[in-house]
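Working notes, structure below.
What follows draws every value from the coordinates through simple rules; no lab data is involved. Treat the numbers as computed from the prediction; the structure is a model and nothing was measured. FYI the Cβ positions are ideal-geometry reconstructions off the backbone, even for glycines, and counts take in every protein chain you see.
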Amino acid sequence: MNVAIAGGTGFIGKVIIKMLTERNHHVVVLTRPGSAIKIARFSGTETRYTYYDTPSQVEKSLADCQAIINLVGIIRETKDTPFEYVHNLIPSRLATAALEVGIKRFLQMSALGVDSALDVDYMLTKKQGENAIKKTSGLEWTIFRPSIVFGPDDMFVNMLARMIKLLPVIPVIGDGTYRLQPVSVFNVAEGFVKSLVMPKTIGKTYDVAGPDKYSFNKLLDIIAIALGKKRVRKFHQPLPLVKPVVKFFGRFQSFPITTDQIKMLCAENVTDNDSFFKELDIVPIDFASGIKEYIEKSSR
């Protein structure tokens with residue numbers, strides 16, 4: 001199958017591309033000029049430069065494809081790249097272009113928690129993107145909503161690992177009891193690849209989260225163990241003190257966190273729905289064993 005993948009130059013996209021080519025799919029990577037260098041060269045792939053502001057050019061880049069995987073997303077917006085453009089306009093244009101060139105199968109990356117009452121632009125625009133795809137008559141869509149994704153090149157776990165290695169005390173926002181449910185990048189990728197050829201997944205939305213829920217405090221302890229440390233010293237910072245500081249400095253791109261990201265973190269990111277693993281016949285990878293190999297390598 002010829003599969004177009006948007007957002008394939010990222011951490012998750014590279015794993016999906018590798019799995020697709022291993023299963024003899026031909027992958028067409030839609031990318032901006034300058035980003036193609038980020039893609040590991042796998043046989044069975046080609047790169048097509050795509051400008052999402054030009055609908056006719058999007059259609060041209062999808063020629064001869066039978067399916068689309070859209071992974072395009074950002075965790076933090078900028079003046080030039082707002083959430084609305086990335087999470088809503090791009091999937092909308094891909095969906096419209098797909099029908100114009102005769103593509104029906106469409107797999108969309110969303111985010112766990114978009115159905116919550118959390119009033120943050122990241123979640124709201126992810127939901128708008130989902131709705132745009134669902135409303136495009138004729139598409140055979142499947143939507144995946146991953147939790148925090150971990151793997152060899154992830155930003156989240158590797159960042160925490162670096163902090164634990166370098167700092168004597170780890171700052172923790174609030175009491176650290178809020179829970180997360182990290183999922184392996186290999187589980188996420190397997191779900192996308194399997195779903196392509198599983199008609200029973202058409203028209204379904206899957207929560208994608210790992211087998212276990214951890215408090216943020218526990219998460220830090222597990223990473224520390226993978227690094228060969230017995231414990232992590234934590235400095236808990238009260239939310240009433242943290243929020244005004246983040247509100248002021250969060251407007252600067254160099255500052256590591258925003259007010260909305262604090263809201264999402266403290267609101268928790270968990271689910272009890274395991275239909276993703278059951279219906280796609282995927283064996284979940286637990287967090288502790290999943291990070292062990294790549295965290296050990298990073299600590300050498």
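When the chain is fully extended, how far beyond the present Cα-Cα distance does residue 204 get from residue 263, taking 0.36 nm per residue of separation?
Fully extending the segment from residue 204 to residue 263 adds 18.5 nm.
Can you give the log10 of the normalised intensity I(q)/I(0) at q = 0.12, 0.15 Å⁻¹, computed with Debye over equal Cα scatterers of segment 154-217?
Taking Cα atoms of segment 154-217 as identical point scatterers yields -0.48, -0.66.
Calculate how many DSSP beta bridges within the chain are antiparallel, expressed in % of all such bridges and rounded to the nearest 5.
If I count the DSSP bridges inside the chain, around 5 percent turn out antiparallel.
Once fully extended, how much extra length lies between residue 217 and residue 272, figured as 0.36 nm per residue of separation less the alpha-carbon to alpha-carbon distance?
17.7 nm
Compute the orientation-averaged projected area for segment 120-263 from the convex hull of its Cα atoms and round it to one decimal in nm².
If I average the Cα hull's projected area over directions, I get 10.6 nm².
Would you calculate a helix-derived [θ] at 222 nm for the chain, using -39,500 (n - 2.57) for each DSSP H run of n ≥ 4 and dividing by the full residue count, to the nearest 500?
Result for the chain, helices only: -11000 deg cm²/dmol.
Among 107, 220, 166, which one shows the highest mean-square fluctuation when the chain is modelled as a Gaussian network with alpha-carbon springs under 10 Å?
The residue with the greatest mean-square fluctuation here is 166.
Please sort by residue number the chymotrypsin sites (Phe, Trp or Tyr not before Pro) in segment 236-269 whose DSSP state is loop and whose Cβ has at most 12 other Cβ atoms within 10 Å.
252
Express in % the proportion of alpha carbon pairs of segment 34-145 at distances exceeding 16 Å.
61
If you build a Gaussian network model of the chain, linking Cα atoms that sit under 10 Å apart, which residue out of 134, 243, 213 swings the most?
243
For segment 254-300 and segment 46-61, what is the separation of their C-alpha centers, rounded to whole Å?
32
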